[in-house]
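The values are calculated or read from the model by the stated rules, or taken from the named source; none is laboratory data. This structure is a prediction, so every number in the text was calculated from the model and none was measured. Don't worry about glycine lacking a Cβ; one is built from the backbone with ideal geometry, like all the others, and counts go over all protein chains shown.
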């Protein structure tokens, strides 16, 4: 971890623009904000600040911009590509204190601060029979601001879409301290350029989000699910492509390979799942037609040679999903002395899903790395986690090569380097391959919104 020299940036001005002492200059506190949940190397910032309003965010950015001091926005710190690491030093600006919630159930909307935690928001919305639907695995720590920054999604995206599909309006503070409104509190508008869509997924490189209005959906009256095992990864992933191609609209379809199931069993003393390639299929409905959909899904799986079908009722659905959410922790603890080298995140056209699953498996074998896969298979998203000994530099390098090989293959198949984790530090190298000459336009946008380059520098765009 790199430590920033105390004299590089003078951040004493923060004491005049943020009230109640919500500023940290001491190294012990600053060091806590040097890293995020990713494996990327951290850097200790010169100061950490917790503004409580858009006006305070504006004051911080205005003064920092005039002084040329880098500012790294941060919310929950759960990013997996180094999105919130202050690689250029300077100031970490945490939006955790901006956590207001104003629900408008009649409009199926809620207006929130960026520091609101995803699971906490849905707990409040449940009393109205509503929810914000993307369904992310880190929902107990991830915030709405971070979800907007990376355009996050998760389990339920196959039915309900990603964060972008739910954002109605954004309040954003620009690098020079202006507070602007993007979008309206309505489902649709054709008025002018969609600036809000530029900020969504920009990872704080164009502005700092200080308020979000989200569209909501009703909590489904009925949920049904099944755990389905298959003889091979190819059979399981081909069943996914067939199911989506047949116009079945599931609430979620999760893929877990044999190694992932073994890790989950090892992690939970009270869980005993078949250690085969597995699909977790969940259906949502507000009528009895859900039973017919479940039978239709079963018939598709039978066509692809399923080994077993275990239906789950609503009483034990939460236990099954908790086991899936624990996959990250199960992987971390699977082999003593080894840790996750990457949390891979790619997305491909649904017809190419079997190919990318096989690519991960073959790369793991070729590079001699213990690698497991899970994925939000219904929308072509796949995650892979090679285990490494961080004291073994050659093994760590092999994990980097595995990640690069899989990401470049996904792009070749017409997919993307990231489905939901964002670019951050870790995937800047793939942006040229994915976007080509459009990178020049992205750089022009960055220069327009942030001419002094203070907002989350060295993220998203590759070096010119």
### Task
Filter region 356-368 for residues that are buried (at least 18 other Cβ atoms within 10 Å of the Cβ) and either within 21 Å of residue 242 (Cα to Cα) or in contact with a strand residue (DSSP E or B) (Cβ under 7 Å, 6 or more places away or on another chain) (or both) and give the result.
356, 357, 359, 360, 364
### Task
Please determine, by comparing only the residues of region 21-36 that are in a loop (DSSP other than H, G, I, E, B) and in contact with a strand residue (DSSP E or B) (Cβ under 8 Å, 6 or more places away or on another chain), which one is modelled with the highest pLDDT.
34
### Query
Which condition breaks for residue 58 when tested against (1) surrounded by fewer than 17 Cβ atoms within 10 Å (Cβ to Cβ); (2) at negative phi?
(1)
### Query
If residue 152 passes every condition in (1) touching a strand residue (DSSP E or B) at 6+ places or on another chain (Cβ under 9 Å); (2) buried (at least 24 other Cβ atoms within 10 Å of the Cβ); (3) closer than 18 Å to residue 209 by Cβ but one, which one does it miss?
(1)
### Task
Inspect all residues belonging to region 408-418 and state whether any of them is closer than 15 Å to residue 149 by Cβ, modelled with pLDDT of 95 or more, under 22 Å from the mean Cα position of the chain (by Cα) and not assigned by TED's automatic domain parsing to the domain that holds residue 79.
yes
### Residue satisfying all of: in region 328-344; touching a helix residue (DSSP H, G or I) at 6+ places or on another chain (Cβ under 6 Å) and assigned to a helix (DSSP H, G or I); surrounded by the most Cβ atoms within 10 Å (Cβ to Cβ) among these
331
### Query
Of the residues in region 399-431, how many are within 27 Å of residue 90 (Cβ to Cβ) and either without any contact (Cβ under 8 Å) to a residue 40 or more places away in the chain or loosely packed, with under 15 Cβ neighbours inside 10 Å (or both)?
4
## Note on the structure
Residue set 49, 18; condition at pLDDT below 95, farther than 28 Å from residue 154 by Cβ and surrounded by 19 or more Cβ atoms within 10 Å (Cβ to Cβ); output residue 18
### Query
Considering only residues of region 155-177 that are outside any helix (DSSP H, G or I), over 16 Å from residue 380 (Cβ atoms) and without any contact (Cβ under 8 Å) to a residue 60 or more places away in the chain, which is nearest to the chain's Cα centre (by Cα)?
167
### Summary
Within region 432-456, residues being crowded, with 20+ Cβ neighbours inside 10 Å and part of a loop (DSSP other than H, G, I, E, B) number 3
### Query
Any chance region 192-211 includes a residue that's in a loop (DSSP other than H, G, I, E, B), in the same structural domain as residue 357 (by TED's automatic domain parsing) and in contact with a strand residue (DSSP E or B) (Cβ under 8 Å, 6 or more places away or on another chain)?
no
### Query
Restricting attention to region 232-272, and to residues there that are assigned to a loop (DSSP other than H, G, I, E, B) and modelled with pLDDT of 90 or more, which single residue is surrounded by the fewest Cβ atoms within 10 Å (Cβ to Cβ)?
232
## Note on the structure
Considering residues that are farther than 30 Å from residue 67 by Cβ and buried (at least 19 other Cβ atoms within 10 Å of the Cβ), the number found within region 83-102 is 0
### Flag if residue 92 is closer than 24 Å to residue 3 by Cβ, free of Cβ contacts under 8 Å to residues at least 24 places away in the same chain and outside any loop (DSSP other than H, G, I, E, B)
no
